[in-house]
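**Q** I am attaching a structure below and will ask some questions about it afterwards.
None of the figures in this text is laboratory data; all of them are computed from the coordinates on show. Computed from a prediction, not measured in an experiment: that's the story for all the values here. So basically every Cβ, Gly included, is an ideal-geometry build from the backbone, and we count neighbours across all protein chains shown.
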Amino acid sequence: MKTIRININGEWKKLKVNPQDRLIDTLRGQLGLTGTKEGCGEGECGACTINLNGKAVLACLILSVQTDESRILTIEGLQKGLELHPLQTAFLNESAVQCGFCTPGMIMAAHAFIRENPEPDMQMVKECLANNLCRCTGYEKPVKAVLAAACSMRETNHD
Ligand code: FES
Ligand code: FES
């Protein structure tokens, strides 16, 4: 076992992890953050996307020991109290969620993307979501939701 220190959704925590533990297992199993989903477990579906030091990464492909002294943001860290993040609100408003399995990964991919691209166009958003597989809604509504959220975040100076 190795002790790591991570900032998870704004709070620093010390954890004991095995060298072979994947980040998705630590998040879901040890920390109970089950909003992050495991689809393929092989880096193909995007369901496990989280933000690591502000970048969108796949939690099924990262070992927990690699995240020592890192800042991790998961879908649970977006909402502030009862207030949804603009991305969450936009996905609801645009009816961009059906079964919801892909939704946390899409939102976390979009969150990192908007930080780097605060004024994206539709093509940029399509490329951002291209690695997040959805079997239910197609991509039209999620793309609209990300564009609406980016607009709302610019107007309200929301991060
Ligand atoms: S579960 Fe990580 S990419 Fe599919
Ligand atoms: S909403 Fe079901 S997989 Fe995307």
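**Q** Listed residues K55, K80; which is within 16 Å of ligand 1 (Cβ to nearest atom), free of Cβ contacts under 8 Å to residues at least 60 places away in the same chain and surrounded by fewer than 13 Cβ atoms within 10 Å (Cβ to Cβ)?
**A** Just a single option satisfies the conditions, and that option is K55.
**Q** Within region 103-117, identify whether any single residue is surrounded by 12 or more Cβ atoms within 10 Å (Cβ to Cβ) and assigned to a loop (DSSP other than H, G, I, E, B), and answer yes or no.
**A** yes
**Q** Same structure, new question: Looking for whichever is in contact (Cβ under 8 Å) with a residue 24 or more places away in the chain and within 16 Å of ligand 1 (Cβ to nearest atom) here; the options are A150, A145, A130, A109. Which one fits?
**A** A109
**Q** Which of the following residues is in a loop (DSSP other than H, G, I, E, B) and not hydroxyl-bearing (S, T, Y): E76, E69?
**A** Going through E76, E69 in turn, just one is in a loop (DSSP other than H, G, I, E, B) and not hydroxyl-bearing (S, T, Y): E69.
**Q** Additional query: I want to confirm something. Restricting to region 24-50 and keeping residues that are away from ligand 2 (no atom under 16 Å from the Cβ) and not in a loop (DSSP other than H, G, I, E, B), which single residue is surrounded by the most Cβ atoms within 10 Å (Cβ to Cβ)?
**A** I50
**Q** Still on this model: Cβ-Cβ under 8 Å, sequence separation 6+ or interchain: first residue in region 83-105 and within 18 Å of N131 (Cβ to Cβ), partner buried (at least 17 other Cβ atoms within 10 Å of the Cβ) and among the aromatic types (F, W, Y). Which pairs?
**A** Sorted first by the residue in region 83-105, then by its partner, the pairs are T103/F91.
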